[in-house]
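Asker: Please see the structure below; I have some questions.
Where a number appears in this text, it was derived from the coordinates with a stated rule and is not lab data. Everything quoted here is computed from the prediction, not taken from an experiment. Here the Cβ positions follow ideal geometry from the backbone for every residue, glycine too, while neighbour counts run over all protein chains shown.
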Amino acid sequence: MATGSYKLELRTTTVSAAIGDAYLELGALRDELDEIIDNAPDGLRSTARIQTMEETKDQLDRYADDEPSVPDACKDFVVTYHEQVPRRKRQSASRSVRCENSCAMIRAVVQVVEEWRDEDPARSEEVKDEIDTFIESANEAADECENLEFPAMFG
């Protein structure tokens, strides 16, 4: 949810692009945390901040490279979601907000795919299974990533 220095902007893309972008961002967050952890001086490696970053990185490791395969029938569906963007043009989004934006993309995709699945109960079992597997994987990643902690720079 946008607060203070962020505003919500409506974005529109395809299911395939949204899932790809969301998982790409999760991977970028993981890589950033990995770099911070690797470059932390020995005296800081045991701090709560670095330990929390390690836990968050480990969670991201589970999902960042495990992008679920979007069912062919759904790839080009249009998906709309809200993204938090900094109010100031030169300010970049925090890691926490970037993660929240990724989760918002995943949730929006799941909603579109679920609605399509539910429109026609006569779909083949194979298609239903493929869709259900995709939805389950995407929801699991969003559930886990919504609860990640990104410690502040000087926390």
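Asker: May I ask you to derive the FRET efficiency for D72 and S92 from their Cβ-Cβ distance with R0 = 30 Å, giving the value to the nearest 0.05?
Answerer: Efficiency at R0 = 30 Å is approximately 0.30.
Asker: Between (i) 11, 36, 31, 16, 6, 1, 0; (ii) 11, 36, 29, 19, 5, 0; (iii) 9, 37, 38, 13, 2, 0, which entry matches P(r) over Cα pairs in 10 Å bins from 0, in percent as derived from the coordinates of this structure?
Answerer: (i)
Asker: Right, something else. Cross-link partners among lysines for K7, C-alpha distance below 25 Å, same-chain residues fewer than 8 apart left out?
Answerer: K89
Asker: Please give every one of the lysines within straight-line cross-link reach of K75, meaning a C-alpha to C-alpha distance under 17 Å, and leave out same-chain neighbours fewer than 8 residues apart.
Answerer: Those lysines meeting the cut-off are K128.
Asker: Given Cα pairs under 8 Å that are at least 6 residues apart, what percent is the relative contact order of the chain?
Answerer: Dividing the mean separation by the residue count of the chain yields 35 percent.
Asker: Can I ask one more? Which helices of the chain meet both criteria: a Cα extent of 24 Å or more along the helical axis and a mean Kyte-Doolittle score no lower than -0.5, with helices taken as whole DSSP H segments?
Answerer: Length and hydropathy pass: 15-39, 95-119.
Asker: Just want the ordering: R98, R90, from fewest to most Cβ atoms lying within 10 Å of their own Cβ.
Answerer: If I rank by nearby Cβ atoms, fewest first, I get R90, R98.
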